[in-house]
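Here's the structure we're looking at; comments come further down.
Please treat every number below as a calculation from the coordinates, not as lab data. If you're wondering where the values come from, they're calculated on a predicted model, not measured in any experiment. Positions of Cβ are backbone-derived with ideal geometry, glycine not excepted, and every protein chain shown enters the neighbour counts.
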Amino acid sequence: MMMTTEDAGEEQTVAAHTEYFDILAYLARNNPRLFAVTDDGADTSVIGQGWRIMTDLTTAGYANLVGFDEKATRKSGLPIVTGITKVNTTHGKLILMRVNQAVWNKGSNTTLISEFQV
């Protein structure tokens, strides 16, 4: 399900392949680096640290995040935001990447980017 601005004020449930988070969490335990992975099966992007949040959180919509295992991978009440981050391309060029209507998992070292949103 893709969310639109009309969803503001209503809590939505979205799905993401959070098994990638488990792998990245294992890699990042003692590593201060931030990780991002793209997923063409994710309903929405889930952004963590390293993003500048451009949304006023007092007017943001909220979502419940459900992963592949609904019982083990569920977070409730996460804000839906627009975020901007700096990305290094494979050619060494720095670019700004903006993602609209991403679920913000504040404090996470990992980001899951829905390929349909970029």
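List Thr38, Thr44, Thr55, Thr90 from most exposed to least, where exposure is judged by having the fewest other Cβ atoms within 10 Å.
Neighbour counts put them in this order, fewest first: Thr90, Thr38, Thr55, Thr44.
Return the distance in nm (one decimal) between the two label points of a simple spin-label model at Val37 and Ser76, each offset 7 Å from Cα along Cα→Cβ.
In this crude spin-label approximation the distance works out to 2.7 nm.
Grab the beta carbon distance between Val87 and Thr58, set R0 = 22 Å, and tell me the FRET efficiency rounded to 0.05.
0.15
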